[in-house]
Amino acid sequence: MTAPPIAPPPAETAEPPVPPVPPAPTLDRAGLLQAMDAAASAYAAGQDSAGSLTGRRFVVREAFGCAGASPPPVEAAPGNGLAAWSWGPRRESLRLTLAPGDWTDSPLLAGSADSWEAAEGFWISRPWLRADGCPGVEGDPLASGPVEAPSPQSVGLAAVFEEDGSRLGRRNGRAYEFTVRGESDQAPAAPAGGYRLVLEGRLAAFADGRALRCRAASANQRPVCIGAVQLDRVAFETADGKTLSEWRVGG
């Protein structure tokens with residue numbers, strides 16, 4: 001009697017390849033401000049902010065000079081972390097400037113566990129405006145009182161530098177500057193839509209592992225929130241996106 005044929009062992013089923021996880025999208029101005037709002041709300045409620053933005057890339061555009069020229073900067077004045085433009089001598093040129101603030105000893109960055117050797121600060125003005133451009137409203141036409149002072153700055157980015165880390169990109173009190181000149185010996189015209197500051201890089205982490213930190217003097221004040229970042233690029237642009245000047249880490 002012939003023995004029945006031995007059935008071959010079942011073929012091993014190959015595991016399907018695991019698709020790569022797509023990188024998180026780059027945060028723009030609106031996305032970063034939304035995250036800052038969430039962090040401010042969590043801080044005010046006494047809660048830990050959800051999620052982590054550490055490592056996320058960002059490209060933030062900040063409109064400046066929308067209301068016209070500012071007084072010429074005082075060379076010895078400390079940086080305020082805000083971009084501005086002013087007229088040059090005899091109004092023959094425009095000078096774009098941005099002097100980062102020295103936030104190394106700021107209460108927002110104070111903490112025994114943080115080991116930053118230096119921190120250079122940049123404010124994101126008008127955080128209620130998600131768009132990259134200038135405000136579309138000059139003011140309330142029905143208001144009869146004096147013009148109110150600008151709201152205190154409440155959202156910022158701190159370019160942080162670790163002890164014994166690379167010094168590439170550190171300004172050490174030096175401002176970013178660019179001079180706009182006219183063509184054919186003509187003075188340049190004042191920009192109708194201001195200029196744009198571009199901040200590009202990656203969110204870093206404080207000692208607690210979070211990229212954003214908020215503080216407030218009291219429960220009745222809006223929290224001030226900042227993000228720890230490693231900057232890769234700073235640039236000045238025209239309102240229509242033309243790059244006027246840029247600074248890259250190591251460049």
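Ala67: open to solvent by 50 Å² or more (accessible area, probe 1.4 Å), among the aliphatic types (A, V, I, L, M) and over 19 Å from Glu200 (Cβ atoms), yes or no?
Details: open to solvent by 50 Å² or more (accessible area, probe 1.4 Å): yes; among the aliphatic types (A, V, I, L, M): yes; over 19 Å from Glu200 (Cβ atoms): yes.
So Ala67 passes the test.
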Review point. Taking segment 112-130 as the search range and keeping residues that are open to solvent by 50 Å² or more (accessible area, probe 1.4 Å) and over 22 Å from Ala216 (Cα atoms), which one is modelled with the highest pLDDT?
Key: Arg130
**Study point:** Selected residue (only one of Ser184, Ser154 is at pLDDT below 90 and among the hydroxyl-bearing types (Ser, Thr, Tyr))
**Key:** Ser184
Review point. What's the number of the condition Arg170 fails, among (1) surrounded by 13 or more Cβ atoms within 10 Å (Cβ to Cβ); (2) part of a loop (DSSP other than H, G, I, E, B); (3) touching a residue at least 60 places away in the same chain (Cβ under 8 Å)?
Key: (3)
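Residue by residue, here is whether (1) under 15 Å from the mean Cα position of the chain (by Cα); (2) without any contact (Cβ under 8 Å) to a residue 12 or more places away in the chain; (3) part of a strand (DSSP E or B) holds:
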site	(1), (2), (3)
Ser184	no, yes, no
Ala192	no, no, no
Arg196	yes, no, yes
Phe206	no, no, no
Gly209	no, no, no
Gln221	no, yes, no
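Would you check if there is a residue in segment 52-59 being open to solvent by 50 Å² or more (accessible area, probe 1.4 Å), out of contact with any Asp or Glu (no Cβ under 6 Å at 6 or more places or on another chain) and small (Gly, Ala, Ser)?
Checked against the condition, which is being open to solvent by 50 Å² or more (accessible area, probe 1.4 Å), out of contact with any Asp or Glu (no Cβ under 6 Å at 6 or more places or on another chain) and small (Gly, Ala, Ser), segment 52-59 yields at least one hit.
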Review point. What is the number of the single condition among (1) closer than 30 Å to Leu94 by Cα; (2) among the β-branched types (Val, Ile, Thr); (3) surrounded by 15 or more Cβ atoms within 10 Å (Cβ to Cβ) that Thr243 does not meet?
Key: (3)
Point to revise | Check on Arg202, surrounded by 13 or more Cβ atoms within 10 Å (Cβ to Cβ) and either under 18 Å from the mean Cα position of the chain (by Cα) or closer than 23 Å to Cys134 by Cα (or both) | key: yes
Point to revise | In segment 97-111, the residues that are surrounded by 22 or more Cβ atoms within 10 Å (Cβ to Cβ) and not in a loop (DSSP other than H, G, I, E, B) | key: Leu98
Check your understanding: What residue, among those in segment 173-182 that are part of a loop (DSSP other than H, G, I, E, B) and of a type outside the set (A, V, I, L, M, F, W, C), is most open to solvent (accessible area, probe 1.4 Å)?
Key -> Arg174
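Of all residues being of a type in the set (A, V, I, L, M, F, W, C) and farther than 21 Å from Ala159 by Cα in segment 39-51, which is most open to solvent (accessible area, probe 1.4 Å)? Just the residue, please.
Residue satisfying both the conditions and the ranking: Ala50.
The values are calculated or read from the model by the stated rules, or taken from the named source; none is laboratory data. Predicted model, so just to flag it, every value in this text is computed and none were measured. Cβ coordinates were reconstructed from backbone atoms using ideal geometry, including for glycine residues, and neighbour counts include every protein chain displayed. Side chains are part of the model used for accessible areas, which takes the heavy atoms of the whole protein and leaves out ligands, DNA and RNA. Shrake-Rupley method; radii C 1.70, N 1.55, O 1.52, S 1.80 Å.
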